[in-house]
Amino acid sequence: MRRSIFLFFILICIIPLQLSAAEIRIGIDNNPPLTFVDAKGKPGGLFPELFSQFDWTIRYVSCDWEQCLEKLDQGQIDILPAIAYTEERAKRYRFAEETIINSWGQIYHRPDNPFDSILQLAGKRCAVLKQDIYYTEDQGLRQTAESFGIDITFIEVDSYQQAFDLLAAKEVDAAMVGRIFGLKHRDALGLLPSPIMIKPIQVRPAFSETTPDTLIREFDQRLSSWKRSSSSIYYQLLEKWLGEKTSAQIPSWVRLLMYALAGVLLPLLFMILWTRRQVKLRTLELAEKNHLLEEELAKRRQIEQELLEREQQYRVFFEESQSVMLLIDPVTAGIVDANPAACRFYQYERETLKTMKMWQINRLGEAEVHQRLARVKNQKQQQFEFTHTLADSREVPVEVYRSLIQAQGRALLYTIVHDISKRKKAEKALEERSRFLQSVIDGVSDPLMVISFDHQVLKMNKAAREHMKNGLAEAETITCHQLSHASLTPCDGNDHPCPLKEVKESGLPVTMIHHHDSEQGKRIVELTASPLFNSQGELYAIIEVARDITQRLQIEELLNENEKRLHHLAHHDPLTNLPNRLLFDDRLKQALSKARRSRRQVALMFLDLDNFKVINDSLGHDYGDMLLIDVAKRLKKSVRESDTIARLGGDEFLVLLEEIDSIQMIEHMAKRICDALSHELTKDHFSQHISASIGISIYPEDASTAQQLMKNADLAMYRAKNIGKAGYQFYSAPQGRFLFD
């Protein structure tokens, strides 16, 4: 038991040591005076000095602002010190509960180019930090400029220092930086702040998801305790880095009074000790209240000054804006005020407009106008489209933006009116053009679709809609692969290559073949996809036309088979299926052309069956045909695959020998053919010996042309018959035993 208790106490002691020894990674970017890294690579600024007061093992990670945010997202750092707190960022990061400083964005200008209203930024160039909260977030400079309809050219930079450098170099007209940075660096460049302040924010540390909760609680507790003491290190660092003196100061007259009372009451110290103590406490209480009162008065004066500046800015904006603006009483629907642009638009004098009710210019009735105003008052809707009537009775479509503001001591509706007649006209023309385009593509008999790069079908014709499966017609969005073959994934593979992918990569039209299974069986579909560009010349979609080519391919295949069959019949003997005279002539010409190039020899054999007429006369032509078929088979077995056999007609055959090595080879082939064709034919009581007479001519010794070679072989064949048949004869006796050159 004692051992267990001892181990328990050891663990209690060790665990805090391990926690305190854990390394805390803090991101630090170049944002003086809050955070920076000096020339020696040492971290400096308000936040590093503040974090040094904690008993943490700290490792600083240097990064620019975007890198720091990315590292905080990925847990590569534990703390990002100086980050503005917003509701959107609070969804991504864990912020400290205690705020270290308050700040806001402020517009700076050069002494030679001053301005005191955001309206004066119209048409100007303003340097801003990329992704700066004062620039990009809600109520930031960009959104403020858009809401006022001010056209500002924003020059995005990587740091506040770069923004100030551009302003000092007169490359921009204005620069927006954080309040603290501006206080520290404006004098060095001779820049002046304008009264334009953007989006007040709280600066707190942000912690990663992996940071222990105990560390966050420790930070909040220590900072909270420091804030309660005006002499704490927190206020000392604020004064050091920001020049903000926050320590409480007792007024001089109070100190003198205390000294006087002390001098008078010293002789009576023991008699009035209790009274002196009460007076001292009361005096301190009065001093503290006086200090708080001074702070409250200072804050009130600051607020009043800001309100005055905002009211002046609003009045300038309201009076000088080219947008139609009205102030409306949400209860009575009366027009409280109208700017000069509204008077020009509605064609009424300002005083006349201020006596009118909204239903006098809005085509809606009185009840409907009150209903719409109530919806704005309840913050249920701020944007409307109406038809307003002008003084000359013209009716103009308008878009109205309304929001509640406090003005003239009451809640009014701040209303901006835009003439949208041109937009409506353009929308109508676009709608008519869309209907015309739809009617054109509906006239295409093949399915046609316009497909975006996320595979969504943007437009389709009637033929494509007819291919929709049950349930797809009611879907808000439909993909091309759902429509074409009811698949939840995009096309891929050999059977379904994706034309969208090919066009996106090449930017050129493509044609692809898809194989589909349907109720009619296997279908083959030809897809033709063409690129579709927007008005800026950017490729954003394809136009795909699908055509079922199954029947066409079947017809083409049948035609090809017929063509092959006709070609075969035109070049082959129908009885023996051997090449006929037409095909043989072509092969003979090719063989001679090849022989001329290679300087080789070609041999031509002319065969005629002996006693074939006796067979036809005795056994009939059918039996003669059977004999010719048998002769063709025997010839095929007797020659090489590279040799050509043809039937010239009747009982005459031709044999073309290429790649000849010697005269012995020709003689060997002639004897082999004679032996193969020589046999005894017996049927019933009829018997006849079958043989062949062969004439041989050789290129180029006997002839140089195909016609002459054929003629000479024919002459040699007749010579063989005259000699006694069943043998072969050369056209001319060879001069040597070898035919090589």
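Nothing in this text is a laboratory measurement; each read-out follows from the coordinates by a stated rule. What you are looking at is a predicted structure, and each value in this text was computed from that prediction instead of being measured. Positions of Cβ are generated from backbone atoms using ideal geometry, with glycine treated the same way; all protein chains shown enter the neighbour counts.
A few points about this structure:
- Equivalent ellipsoid dimensions for the stretch 318-360 as semi-axes, Å, which come from the Cα gyration tensor, largest first: 17, 11, 8
- Rounded to the nearest 20 debye, the dipole size of the chain about its Cα centre is 2100 debye, using +1 on the Cβ of Lys and Arg and -1 on the Cβ of Asp and Glu.
- Overall, the stretch 572-730 carries a charge dipole of about 560 debye about its Cα centre when +1 sits on the Cβ of Lys and Arg and -1 on the Cβ of Asp and Glu, all other atoms neutral.
- In summary, the lysines within cross-link reach of residue 428, defined as a Cα separation below 27 angstrom excluding same-chain residues under 8 places away, comprise 459, 462.
- Computed [θ] at 222 nm, deg cm²/dmol, the chain (DSSP H ≥ 4; -39,500 (n - 2.57); rounded to nearest 500): -13500 deg cm²/dmol
- Cα centroid separation, the stretch 423-463 to the stretch 29-66 (Å): 58 Å
- With 25 Å as the limit on Cα-Cα distance, the pairs of 357/425; 633/721; 637/725 that go past it are 357/425.
- For residue 96, net neighbour charge (Lys/Arg +1, Asp/Glu -1) across residues whose Cβ lies under 9 Å away: -1
- Relative contact order of the chain: 6 percent, from C-alpha pairs under 8 Å at least 6 residues apart in sequence.
- Neighbour cut-off at most 11 other Cβ (10 Å), DSSP loop, GluC sites (Glu not before Pro), the stretch 520-559: 538
- When each of 668, 496 is scored by the number of other beta-carbon atoms lying within 10 Å, the sequence from fewest to most is 668, 496.
- Values of log10 I(q)/I(0), in the order q = 0.14 Å⁻¹, for the stretch 70-217 under a Debye, Cα-only, solvent-free model: -0.70
- Here the simple spin-label model places points 7 Å from the Cα toward Cβ, and for residue 488 and residue 678 these points are separated by 8.2 nm.
- log₁₀ of I(q)/I(0) at q = 0.12 Å⁻¹ - the stretch 143-224, Debye sum with one point per alpha carbon: -0.57
- Values of log10 I(q)/I(0) for the chain across q = 0.08 Å⁻¹ run -0.98, by the Debye formula with one identical scatterer at each alpha carbon and no solvent.
- The listed peptides 348-360, 385-397, ordered by packing as a protection proxy, come out as 348-360, 385-397 (highest mean of other Cβ atoms within 10 Å first).
- Which listed pairs, of 613/683; 636/671; 40/130, have C-alpha distances above 19 Å, in listed order: 40/130
- Using a Förster distance of 41 Å, the FRET efficiency for residue 462-residue 360 (Cβ separation, nearest 0.05): 0.25
- Here the extension length gained between residue 290 and residue 511 equals 71.0 nm, from 0.36 nm per residue of separation less the Cα-Cα distance.
- Pairwise FRET efficiency - residue 434 versus residue 392, Cβ, R0 = 35 Å, nearest 0.05: 0.60
- Per-residue Cβ neighbour counts within 10 Å put 35, 211 in the sequence 211, 35, beginning with the fewest.
- Ranking of 697, 323 by neighbouring Cβ atoms within 10 Å, starting from the fewest: 323, 697.
- Where N is the number of residues in the stretch 572-730, Cα Rg divided by 2.2 N^0.38 Å: 1.03
- Every Cα-Cα pair of the stretch 322-419 was included, and the share exceeding 23 Å stands at 14 percent.
- Calculated FRET value between residue 614 and residue 522, using beta carbons and R₀ = 60 Å, to 0.05: 0.55
- Helices assigned as whole DSSP H runs in the chain whose Cα atoms extend at least 18 Å along their own long axis and whose mean Kyte-Doolittle hydropathy is 1.6 or higher are found at 2-21.
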